[in-house]
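Structure record follows, encoded as structure tokens.
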Amino acid sequence: MRCPFCHNADSRVIDSREADEGATTRRRRSCPQCGRRFTTVEEAVLAVVKRSGVSEPFNRSKVVAGVRRACQGRPVDEDQLQLLAQQVEDAVRATGAAEVPSNEVGLAILRPLRELDEVAYLRFASVYRAFTSLEDFEKEITELRARHLSGGTPPLPGMQDSPPLVRRRSPAPRQAAADAGPAGT
């Protein structure tokens, strides 16, 4: 590692520690020529390979922007979006690959988004999986319901398997106008 002070091409590592839950490595270094010390932070570059074959660095803000569109009008706040983006990045990094296809990033988004908000999940999935018919939506909703029945996340209102019970109140007894008698008597 080149010394930032005297530009000597050699340096010695004094201490090395993991930071940011293992995502980065901080190294304390010493330059043998000038004797000054400095710290370097190393992070593995994660690249996303698009369908066109172009490779670009993973960008967490792109994940947040895409999910934000799916969550428009839903009760999802910015902190939840940031946490989801972190989960996506962690899942993609856990593959151990330096380059991941963009479709793997999409799959990594679908899993935590389904847990966060099912309506947003359906919106995102409809674009990501290119739904072309009502049957595509019905199939996805059926799978969501099956997850609820198998002990997955509890169903959201409006996602019950059986029609809701409708309670009807019995009508209040009405008095006929003739029974009321003349006004004031």
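The values are calculated or read from the model by the stated rules, or taken from the named source; none is laboratory data. Predicted, not measured: the structure shown is a model, and the values here were computed from it. Note that we place each Cβ from the backbone using ideal geometry, even for glycine, and neighbour counts take in every protein chain shown.
See the values below:
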| read-out | value |
| --- | --- |
| Positions within segment 1-38 being under 32 Å from the mean Cα position of the chain (by Cα), assigned to a loop (DSSP other than H, G, I, E, B) and at pLDDT 90 or above, in sequence order | none |
| Count of residues meeting criterion [under 16 Å from Glu104 (Cα atoms) and either out of contact with any Gly (no Cβ under 7 Å at 6 or more places or on another chain) or free of Cβ contacts under 8 Å to residues at least 12 places away in the same chain (or both)] in segment 127-138 | 3 |
| Which listed residue is surrounded by fewer than 17 Cβ atoms within 10 Å (Cβ to Cβ), in contact with a Lys or Arg (Cβ under 9 Å, 6 or more places away or on another chain) and at pLDDT 85 or above, from Pro75, Pro101 | Pro101 |
| So Phe58, is it more than 23 Å from Arg111 (Cα to Cα), surrounded by 11 or more Cβ atoms within 10 Å (Cβ to Cβ) and either modelled with pLDDT under 90 or not small (Gly, Ala, Ser) (or both) | no |
| Only one of Ala70, Ala125 that is buried (at least 18 other Cβ atoms within 10 Å of the Cβ) and modelled with pLDDT under 90 | Ala125 |
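Residue-by-condition table, conditions (1) surrounded by 10 or more Cβ atoms within 10 Å (Cβ to Cβ); (2) in contact with a Pro (Cβ under 6 Å, 6 or more places away or on another chain); (3) under 24 Å from Val76 (Cα atoms); (4) at pLDDT below 90:
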| position | (1), (2), (3), (4) |
| --- | --- |
| Leu113 | yes, no, yes, no |
| Gly151 | no, no, yes, yes |
| Pro154 | no, no, yes, yes |
| Pro157 | no, no, yes, yes |
| Pro163 | no, no, no, yes |
| Arg168 | no, no, no, yes |
| Ala178 | no, no, no, yes |
| Gly181 | no, no, no, yes |
